[in-house]
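To start, the structure itself, in C-alpha cells.
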Amino acid sequence: MKNQLFFTFFFFAFLVFISFSCEKDTTGDPDNESELITTVSITFTPASGAAKSFKWADKDGAGGLAPVIETIVLAANTSYTISTTFLDESKSPVENITAEILEESNDHLVCYAVSGSAPAVQITDQDKKKNPLGLAGTIKTTTAGNGSIKVSLKHTPDKKAATPCSTGETDVEVTFPVTIN
Amino acid sequence: MSFSKIIGCKYGCFLGIILLFSNYLLGQELHSSCLLKLQMAVVDPQGKPLAYVNVGVLGQSLGGSTNEEGILLFKNLCKDSYSFQFSRIGWEAYEITFLIENDTSIQIVLRESGIMLDKITVLGDGDKLGKNTIKEVLDLESLRSTMGFGLAESLKQLPGVQTLNTGASISKPIIQGLHSNRVLILQNGVRQEGQQWGSEHAPEIDPFLSTKIQVIKGAGSIRYGGDALGGIILVEPPALRREKGLDGEVHLQGMSNGKLGILSGQLNGNHSFGNLPVSGRIQGTLKNGGNLHTPDYFMNNTGVREENFSWMLGTEKNNLNSTFFYSRYFSILGILKDAHIGNLTDLTDAIERGRPLSDGAFFREIGRPQQQILHEFFQWKNIIDLENDGHLEINLSRQFNRRKEFDAHRNFGTLPNSFENPNILFEITTYRGEVDLEHNWNQDFHGHIGIALMQQVNTTDRGSLIPDYSQWTGGVYYTLKYKKPASLWEFEGGIRYDRNRLRIDDVNPKLQDFRENQYQGFSGTLSSVFHFSNVGFLVFQTGSSWRTPHVSELFSDGVHHGSASYEKGNPYLVPERALNNSIHFEWQEGKFKIQSTAYYNWINKYIFLSPKKEAVLTIRGAFPAFNYSQTNVNIAGLDGNMTFSMNKHWDFTFQAAMVKGRNVTANDYLIYMPANKMQLITTYYLNAKDNETHSFFRTQLTHVARQRSVPAAFDYALPPEGYLRLDIEFLTHIKNKFFPDIELGVALNNATNTRYREYLNRFRYFIQEPGRNLVVRLRIPFGHS
C-alpha cells in the first residue's frame, strides 16, 4: 500500500516536471547603447597664432573601413599647449566622452609616448586626488623632423606605480605621425 | 540468427555423462588429442537454470543452445583457449574466454538485460555498432573517478583523446587531432547542438547522468552523421529499472583545489499501473567551486557553479517501448580576469609576465568575465519490435541552448554590477526527428536504413560574433553488416547522403549576397574485422566524410576578446572533405592485453584561422588579425595501450598517443596539434582484482613532450616545455549494515605540485596549470527489490 502511494506521487511528480520544462528563445532586447570611443582629437595652441586640431577617427568601429589618421604638423622651436578630447562619432549627435573622463578622473590616465623628433609631453592637469590626468599638457618643439606620438587612455591605472602607463586597462591606444617644419 | 544446434540435449547430456565417466575411468591418456569435454550450466542470479541460451564460440563454428535444464555440452574440444558468447533475449550478453586443458564443468550466471524490450539484447546505441567501428569505452570505474572534472576530462583517460582547454574549467575533447565542429557529441543518441564551434565553449553535458561513455574514432558510424571527421562521443544514461521497486545512488565529492563540492543523486523506480509497467528516474547534480590555485598563485575569478537536472520515463506494451528523456544543464563559469586582454600591447605585457600581476586570493564569487550556459534537452524515443525482422526506432527531440557571456570590457563606461545585460547572448533551438529501421535479411546480413531531419534557429541577441541564422538538414543512410558465424571475418559498409540549407536571417546589408546557402554530399564507410585468433582481432576502416562551413567561419567579423585577436570570416568557404583510414588492433592473452589504433587522414579544404601579415588597427590599438581560410592537410597518428597483469595483485599499463599534422598546401606543420603523450599506470589491488568491489592503490605518471612541430609565425609564444606529472589514487569499497556497498575514492592529482603549462590550453600565455588537488569522493548506492 505504501508503495502504491509513493509511486503515484512519483508519477505525478513527473507530470509536474514535464510541464515546467520548456525554455524558449527570447526576443532580443535592444542592446543597451554602450558607449564607444571612435575618435581622438588633439588641439595644439601656440603662444601666438591659430590653434590646430588633428584627429584619429575610426567611425565604424573595429574592422570595416580603416581608421582615418591625420598627421600632426607643427612648427619647430615653438611651445604649444595641448588639449585632448575623446568622441563617439558613431552616434548622432556626436557624444563627447571627455566629460565622463573628467567626472571619473581618478579612474583615468592619458599617456603620451613620443618617438623620433616629436617632443615629450608634460601633463599639466590633475584628477580629483591631485594625481596626473593627461587631458591637458604642454610641449615644446625643437628641430625639424619626423616622429610619432602614441596617445593611450588607461582605465583604473596604478598612478603611484613606477610606470603608471603600463598598468590598468587600455581603452584607447592610437598613434599619430608627427612632422615638424 | 542462431548457431548450429546439437541434438536435443537430453540425449547428448546422457551421452556426455557416460563419456565423462568413461574418461575418468580410462585415465588421462585420452586428453592428448581433441577429445576434451566442456559442460556448461547457465543459471540466473538466483540459481535457476536458464534454457534457450545461445552459446557461440568466437571464430569457430561451434555452438548451441542450453536445454530446459540450462545445460549445454561441448565435445571434442582441443587443449586451447576458447571465447564463449552467451546471449538470450531479455538477458545481458556475456562473453568469457578461458583455457580448456581437461574435461571441464562450468556454471555461468547471466543477468537480466536493462532494456525492457525483450528482443533487444544490447544495452544502448553504442553496442549495436559492434566491433566494426573502432571504439573505446570508458570503463565505469574510471568514469566514476573523473566525472567530477567534466566530460572532456573524463574522456582524457582513453588513449586517443586529448583536451583543448581554456583555463582549467573549460575543456573540450580532441580526437585524432580534431575538435569542436569536427567531433560529434551525442546524448542518448541525439547530436548535441549548442555553440560547439567556439574553442572556449565546453560541451554542455553532465557526466553524472551517464554510466557509459564511448568514443568512436574516425568516420566510424554513418548513422549519426556524415560530418564526424574526428569522431563521435556517445554519452548514454543507464537503462531504466526493470524490476519493481526503487533504487538509486548518491555521489558526494570534495576537491581541495578550488574548494569544490559536488552533490549528485539519482533515484530509479518501477511500478505497474494495472497492466502497464512504468519505469522512471530523476537525477540531479550540484557543483560549487571557487578560485583554483597553481603552485605559485591563485587564478582569480575561476569559480564554477553547476545546477543540472534530468529525468527519464519509460513504458512498454506489446511490441512498443517508449521513453521520454529530459535533461537540463546550467552552469556559470568564471573566466580568468587576467586573460581578457585589452589590446596587443597588453597581451605582450601579459605574455612577458607569464603570470597574473598579483598572487590573487581564494574567493567563491564569480565576477566578470564569466559565461552562463543553459542547455535543455527533451527526447521521445520509440522502439517497435518487428519480430524476426529487427526493430524500428523513432526518435524525436528538441534542444535549446542559451549562452550568455559577460565581458570584463566595455567599449567605454563603467561595468554594471549586475548580470542582467550580457555582452553576448546566443540562443539556439534545434528540432530533430530520426527514424531507423534495423533489418535482418537473414542470419548473416544485418542492415540499418534511416532518415534524419533537423531544423535549427540561432539568434544572436547581443554581440555580433555570428549573425542570426536558420538551418535545415536532411540525411538518409544505409548500413549493412555481414557476419557469418563460422567466419573469421566481418564486414560492414555504410553510405549516407545529406543536404543542408543555411539561411542568414540578419539584416546587415553586407550579408545579403550570402543569404541562401545550400550544401549536399555523400559520405560513406567501409570496414572489416578479422579475428586472427581467439584472442585478438584487427579492424580495417576507411571512410569519407564532409563538413559544411559553420556560420562563424563564414561571417565572423570582429575582435575576439577571449583571444585578443581580430577574426574575419570568409563567405566563400566550401565544405571540407576528409578521407579517414585506420587500423585497429586488439589482443588479449594470458597476462597481456594490447590495443592500438593507427590512422592516416586527409582533409581537403580544411578550414582554419590563418594569420594576416598586417595587424588590424582599432581605437584600442593593434590586434593580430586572422582570416578563415582553407588548406589541404593530413593528420596521422598512433595511440594505444598495453596492460601487463603480473599477478592477482599487480597491473601495469603503458599508454601513449602521438599525432602529427601537416599543412600540405603550405608545406609546413599544422597548428595546434597535441604533443606526444605517454603514461605509466601501476595498480596494486589489495584484494580480488576481478571482483567489482575491489580496493586498489594506483599511481599514474604522465609525460607530455614539448610540441616541436609547429609552424613559424602562427602563435604569440612558443609551445611550453614538456612536463612530468604524478597522480595517485586509492579506491575502496566499504560494506556496512545500512548500505551494501559504499565506494570511497581518495585521489591526489598533481601530487608533486609540478609547475607546468599545456600547449593546448589557450590560457597558457597567462597562467600555469593547477597545482596539487586532493579529491575525496563517495558513491552510495541504495535500493531494494
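Rule-based calculations on the coordinates, nothing more; no lab input. All values derive from a computational prediction rather than experimental measurement. Note that we place each Cβ from the backbone using ideal geometry, even for glycine, and neighbour counts take in every protein chain shown.
Brief remarks on what is shown
- The charge dipole of the protein assembly as shown, taken about its Cα centre with unit charges on the Cβ atoms of Lys, Arg (+1), Asp and Glu (-1) only, comes to about 1360 debye.
- In Hz, Karplus ³J(HN,Hα) per residue of the stretch B:699-708 (6.51, -1.76, 1.60; θ = phi - 60°; x = Gly, Pro): 10, 10, 10, 10, 10, 10, 7, 6, 7, 9
- The amide H of A:SER117, built 1.01 Å from its N in the peptide plane, has A:ASN146, A:GLY147, A:SER148 as neighbours under 5 Å, considering only residues 5 or more places off or on other chains.
- Point-charge dipole on Cβ atoms (K/R +1, D/E -1) for chain B, about Cα centre, debye to 20: 660 debye
- In the stretch B:437-545, trypsin sites (Lys or Arg not before Pro) in a DSSP loop with at most 14 other beta-carbon atoms within 10 Å: B:ARG515
- The stretch B:85-104 and the stretch B:298-363 have their alpha-carbon centroids 45 Å apart.
- Listed values for the stretch B:139-155 are Karplus-derived 3J(HN,Hα) couplings in whole Hz (6.51 cos²θ - 1.76 cosθ + 1.60, θ = phi - 60°), namely 5, 4, 5, 5, 4, 5, 7, 10, 4, x, 9, x, 4, 5, 5, 5, 5, and x replaces Gly and Pro.
- Per-residue HN-Hα couplings for the stretch B:322-332 [Karplus 6.51, -1.76, 1.60; θ = phi - 60°; Hz; x = Gly/Pro]: 10, 9, 10, 9, 9, 9, 10, 10, 9, 9, 10
- Short-range pairs are left out: with C-alpha atoms under 8 Å and at least six residues apart, the relative contact order of chain B is 10 percent.
- Altogether, the Stokes-Einstein calculation at 37 °C and 0.692 mPa s, with the Kirkwood radius of the protein assembly as shown over Cα pairs as Rh, returns a diffusion coefficient of 104 µm²/s.
- Antiparallel DSSP beta bridges within chain B, as percent of all bridges there, nearest 5: 95 percent
- Loop-resident sites, the stretch B:509-570, for chymotrypsin sites (Phe, Trp or Tyr not before Pro), counting at most 14 other Cβ within 10 Å (DSSP): none
- Qualifying lysines (Cα of each under 23 Å from Cα of B:LYS381; at least 8 residues distant if same chain): A:LYS24, B:LYS119, B:LYS128, B:LYS212, B:LYS244, B:LYS317
- Computed over the stretch A:36-180: relative contact order in percent, which uses C-alpha pairs under 8 Å that are six or more apart: 24 percent
- On Cα atoms only, tilt of B:344-353 relative to the major axis of chain B in degrees: 60 degrees
- The residue list B:ASN319, B:SER358, B:VAL616 was ranked by how far each Cα lies along the charge dipole of the protein assembly as shown toward its positive end, using unit charges on Cβ atoms, and B:SER358 comes out on top.
- FRET efficiency for the B:SER256 to B:ASN627 pair, using the beta carbon distance and R₀ = 56 Å, is estimated at 0.80.
- For the protein assembly as shown, the residue among B:PHE149, B:LEU396, B:GLY189 whose Cα projects farthest onto the positive side of the dipole built from Cβ charges is B:PHE149.
- Restriction of the trypsin sites (Lys or Arg not before Pro) in the stretch B:578-608 to DSSP coil positions whose beta-carbon has at most 16 other beta-carbons within 10 angstrom yields B:LYS591.
- In the stretch A:36-180, taking the dipole from charged Cβ atoms about the Cα centre, the farthest positive-side position among A:ALA120, A:ALA51, A:LEU87 is held by A:ALA120.
- Distance from the Cα centroid of the stretch B:394-409 to that of the stretch A:63-111 is 40 Å (rounded to whole angstrom).
- Three-way shape call for the stretch A:36-180 based on the alpha-carbon gyration tensor, with the a/c threshold at 1.5: oblate
- Helix B:9-26 axis, angle to chain B major axis (alpha carbon atoms, nearest 10°): 70 degrees
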